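These notes concern the structure reproduced below.
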Amino acid sequence: MAMRQTPLTCSGHTRPVVDLAFSGITPYGYFLISACKDGKPMLRQGDTGDWIGTFLGHKGAVWGATLNTDATKAATAAADFTAKVWDAVSGDEVLSLAHKHIVKTVNFTQDSNCLLTGGNDKLLRLYDLSNPDAAPQEISGHTSAIKKALWCNDDKQILSAAEDKTIRLWDRSSMEEVKTLTFDTSVSSMEYVADGQILVITYGKTIAFYNALSLELIKTVEAPASINSASLHPEKDFFVAGGDDFKLYKFDYSTKEELESYKGHFGPVHCVRFSPDGELYASGSEDGTLRLWQTAVGKTYGLWKCVLPEDLGTESAEQLYASTPEIKA
């Protein structure tokens, strides 16, 4: 009999959770940041979901949030026409970067010295964080709002996805467009996997995998519902996806077979990401919660404790499988 998935529910936000990101693995574990329309991005311990702090300062919905690799800095993108950089240890605001329109996406270089932003003014901006008073470099070319922008190829190139139904690859030094992918519908999400140079994108009911350097298609998978976000496991064994039917899906990456699906939330799932160690994945939803899901159900990890059926009496074993309790983090 299969074990039931018991998600950890992280409450605290008061509006839909629209973006989330994990840090790398640090000496203190790894961390999770969430962006929410309540304007109050939150930092949590990644493996347990325990709340660490809330970054206060934005005056509008926060659409994007990210952490640098060692979780010492955070960056957020908001509807108040700013991107902000934060000290993720003290929670203090370090920089507020004014934009001309709503900012949707932020991403640090690996050395944390440069911040990439994008949003409704259709421009990519590159900020030198060691010289914040300097005007940012700007890259134009998209004809609609930019939804996601990411560094790739050891920060030598940039990937951007926009409402103009394109994904574009840019060269950092020349600021020129290298290649464009065009779709029939707007791309809903984009994830870059540096190990193996894989780009994971979603549009409509499709989850597509591309080579991030050549933008050659590797494979596509059709899901049962419209998908808003997908994430590939670090070992590339499988990937997870979430969307408009409130469910989370897990697929085998090589065979494309659907392995599991869970009614994950009480509203559409907006974002899903694997943790850096691959032991769990986090989802954020219209229902205002984040949930953490075990990759290998029943394993002792974080707040989950392995319970073997032979350790239980028959009665309690039936109770264990009969209902899916929720653990509040």
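The values are calculated or read from the model by the stated rules, or taken from the named source; none is laboratory data. Being a predicted model, the structure only gives us computed values, none of them experimental. Cβ: placed from backbone, ideal geometry, glycine included. Neighbour counts: every protein chain shown. Just the protein is used for accessible areas: all its heavy atoms, side chains included, with ligands, DNA and RNA removed. Shrake-Rupley method; radii C 1.70, N 1.55, O 1.52, S 1.80 Å.
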Checklist outcome for this item: Quick calc, the range 17-187, dipole around Cα centre from Cβ unit charges on Lys, Arg (+) and Asp, Glu (-), nearest 20 debye, gives 420
Item to check | For the chain: relative contact order, % (alpha-carbon pairs under 8 angstrom, 6 or more apart) | outcome: 15
Next on the checklist: With a 1.4 Å probe and all protein chains left in place, how much accessible area per residue does the range 8-56 have, in Å²?
Outcome noted: 37
Checklist entry - Roughly what percent of Cα-Cα pairs across the range 1-131 reach past 18 Å? => result 50
Checklist entry - So what is the calculated 222 nm ellipticity per residue for the chain, using -39500 (n - 2.57) for each DSSP H run with n of 4 or more, over all residues, to the nearest 500 deg cm²/dmol? => result -1000 deg cm²/dmol
Item to check | Formal net charge of residues neighbouring Tyr301 (Cβ-Cβ distance under 13 Å; K, R +1; D, E -1) | outcome: -1
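Of Lys156, Lys100, Lys148, Lys299, which has the most accessible area and how do the rest follow, probe 1.4 Å? Please report the intermediate quantities before stating the final value.
Values: Lys156 110, Lys100 150, Lys148 45, Lys299 90 Å².
The ranking, largest first, comes out as Lys100, Lys156, Lys299, Lys148.
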Checklist entry - In sequence order, what are the phi-derived ³J(HN,Hα) couplings for the range 65-71 according to the Karplus relation 6.51 cos²θ - 1.76 cosθ + 1.60 with θ = phi - 60°, rounded to whole Hz, with x for glycine and proline? => result 8, 8, 10, 6, 4, 8, 6
Next on the checklist: Using the Cα centre of the range 17-187 as origin and beta-carbon charges of +1 (Lys, Arg) and -1 (Asp, Glu), tell me which of Ser90, Thr185, Tyr28 is placed farthest towards the positive end of the dipole.
Outcome noted: Thr185
Next on the checklist: Could you put Leu199, Leu129 in order of accessible surface area, largest first, with the 1.4 Å probe and the full protein assembly present?
Outcome noted: Leu129, Leu199
Checklist entry - Want the number for Asp244 to Ser130: 0.36 nm per residue separation, take away the alpha-carbon distance, what's left? => result 37.0 nm
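Can you tell me the relative contact order of the range 189-306? Whole percent, Cα pairs under 8 Å, sequence separation 6 or more.
15
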Checklist outcome for this item: With a 28 Å threshold on alpha-carbon distance, the violating pairs from Lys219/Lys263; Lys122/Lys256; Lys219/Lys247; Lys40/Lys219; Lys104/Lys205; Lys84/Lys147 are Lys122/Lys256; Lys40/Lys219
Item to check | Cα centroid of the range 59-93 to Cα centroid of the range 192-212, whole Å | outcome: 25
Checklist entry - How would you order 233-239, 39-45, 246-252 from highest to lowest mean count of nearby Cβ atoms within 10 Å? => result 39-45, 246-252, 233-239
Checklist outcome for this item: Under a 1.4 Å probe, counting only protein heavy atoms, Ile198 has an accessible area in Å², nearest 10, of 10
Next on the checklist: Can you give me the long-range amide H partners of Val94? Hydrogens built in the peptide plane at 1.01 Å from N, cutoff under 5 Å, separation of 5 or more residues or another chain.
Outcome noted: Val85, Trp86, Asp87
Checklist entry - Could you give the accessible area per residue of the range 189-306, probe 1.4 Å, as a whole number in Å²? => result 36
Checklist entry - What accessible area, in Å² to the nearest ten, does a 1.4 Å probe give for Asp50? => result 70
Checklist outcome for this item: About its Cα centre, the chain carries a charge dipole, from +1 on Lys and Arg Cβ atoms and -1 on Asp and Glu Cβ atoms, whose size in debye to the nearest 20 is 680
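Can you give me the relative contact order of the range 155-231 as a percent, contacts being Cα pairs under 8 Å and 6 or more apart? Provide the component values of the computation, followed by the final result.
On the way: 165 pairs, mean separation 16.3, N = 77.
Computed over the range 155-231, the figure is 21 percent.
Rg/Rh for the chain: what does it come to with C-alpha atoms and Rh from Kirkwood? Mind showing how you got there, number by number?
Details: Rg = 19.5 Å, Rh = 20.0 Å.
Answer for the chain: 0.97.
For the pair Gln5 and Ile52, what calculated FRET efficiency results from E = 1/(1 + (r/R0)^6), where r is the Cβ-Cβ distance and R0 = 25 Å, to the nearest 0.05?
Values: r = 25 Å, r/R0 = 1.00.
Efficiency, rounded to the nearest 0.05: 0.50.
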Checklist entry - Using a Förster distance of 35 Å, how high is the FRET efficiency between Lys236 and Lys100, based on the Cβ-Cβ distance and rounded to 0.05? => result 0.35
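Tally up the carbon and sulfur contribution to the accessible surface of the chain as a whole percent, 1.4 Å probe, everything protein left in place.
Answer for the chain is 50 percent, counting heavy atoms of protein chains only.
Using 0.36 nm per residue, how much length does the chain from Asp184 to Thr220 gain when fully extended, once their Cα-Cα distance is taken away?
Numbers: separation 36, 0.36 × 36 = 12.96 nm, distance 1.46 nm.
The Asp184-Thr220 span can extend by a further 11.5 nm.
From largest accessible area down, sort Val62, Val94; use a 1.4 Å probe on the protein chains.
Numbers: Val62 0, Val94 90 Å².
Putting Val62, Val94 in descending order of accessible area: Val94, Val62.
Could you give the length gained on full extension between Lys299 and Thr143, defined as 0.36 nm per residue of separation minus the Cα-Cα distance, in nm?
Result: 51.4 nm gained on full extension.
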Next on the checklist: Placing unit charges on C-beta atoms (Lys and Arg positive, Asp and Glu negative, everything else neutral), compute the dipole magnitude of the range 98-202 about its Cα centre in debye, rounded to 20.
Outcome noted: 300
